[in-house]
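As structure tokens, the structure follows; a few thoughts come after it.
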Amino acid sequence: MPLGLVLYESGMKLSHVYFPITSIVSLLYVLEDGGSAEIAVVGNEGVVGISIFMGGESTPSRAVVQSAGYGLRLRADATSIEFNRAGPVMHLLLRYTQALITQMSQTAVCNRHHTLDQQLCRWLLLSLDRLRGSDLIMTQELIANMLGVRREGVTEAALKLQSAGLIRYARGHISVIDRPGLERRTCECYEVVRKEYDRLLPNIEAV
């Protein structure tokens, strides 16, 4: 799953669900003028394509690989058959969907009420939770598209975090050097989302 790969576009009927293993996928809402903003991230804790088993078959969002890596995919019909057995898989997928809705809701609140550097901290922490290491390959332009802001704003926010000794940023490579510091600097939105995932998916271990 290379960086920038589009798994599905807005309104497209989904043929597969995707299970990121070492990759991260961003769910983006795209405006008519081409602008976009991230509404959620999915990593090794989740699945991309919940509309398949929720009955919608398509979604108004776009799914794009944010961090390159590997994943698994399963045909839509096979997913629906297993979900409709009303067994453990169905209950697990429904709990995950509830956690994902919490992340989407909190992202909307965060984008409306918190500063850009707080949003960047939240985004970095959510991404780190879904990666094995502490490095992310991500250009300013891509981060700006994820957060729905101007690239200059991302530059300013990243420089603030770098000056505070929290990250090292150069040519699209972000290294987090003080995670506890990031957690202190971010808003409450990150902790709300993390606790909800831990509550709803307590037995899911990172790959």
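We did not get these values from a lab; they are worked out from the coordinates using the rules stated. Nothing here was measured: the structure is a model prediction, and the numbers come from that model. FYI the Cβ positions are ideal-geometry reconstructions off the backbone, even for glycines, and counts take in every protein chain you see.
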Going fewest to most other Cβ atoms within 10 Å around each Cβ, 121, 187, 110 line up as 187, 110, 121
Amide H partners (placed H, <5 Å) of residue 39, local residues excluded = 27, 28, 29
Relative to the present Cα-Cα distance, how much length would full extension add between residue 170 and residue 6 at 0.36 nm per residue of separation?
-> 56.5 nm
The answer for trypsin sites (Lys or Arg not before Pro) in segment 1-91 that fall in a DSSP coil and have at most 16 neighbouring Cβ atoms within 10 Å is 13, 85
Which value, in debye to the nearest 20, describes the size of the charge dipole of segment 6-200 about its Cα centre when Lys and Arg Cβ atoms bear +1, Asp and Glu Cβ atoms bear -1, and nothing else is charged?
-> 320 debye
Using DSSP loop states and a limit of at most 16 other Cβ atoms within 10 Å to flag GluC sites (Glu not before Pro), what is the longest stretch of the chain containing no flagged site?
-> 58-187
Under the Karplus curve 6.51 cos²θ - 1.76 cosθ + 1.60, θ = phi - 60°, whole-Hz ³J(HN,Hα) for segment 98-104, x wherever Gly or Pro sits = 5, 5, 5, 4, 4, 4, 4
Between residue 150 and residue 183, what FRET efficiency comes out of the Förster formula 1/(1 + (r/R0)^6) with R0 = 22 Å and r the beta carbon distance, rounded to 0.05?
-> 0.25
Around residue 73, which amide H atoms from residues at least 5 apart in sequence, or from another chain, sit under 5 Å from its own amide H, with H modelled in the peptide plane?
-> 19
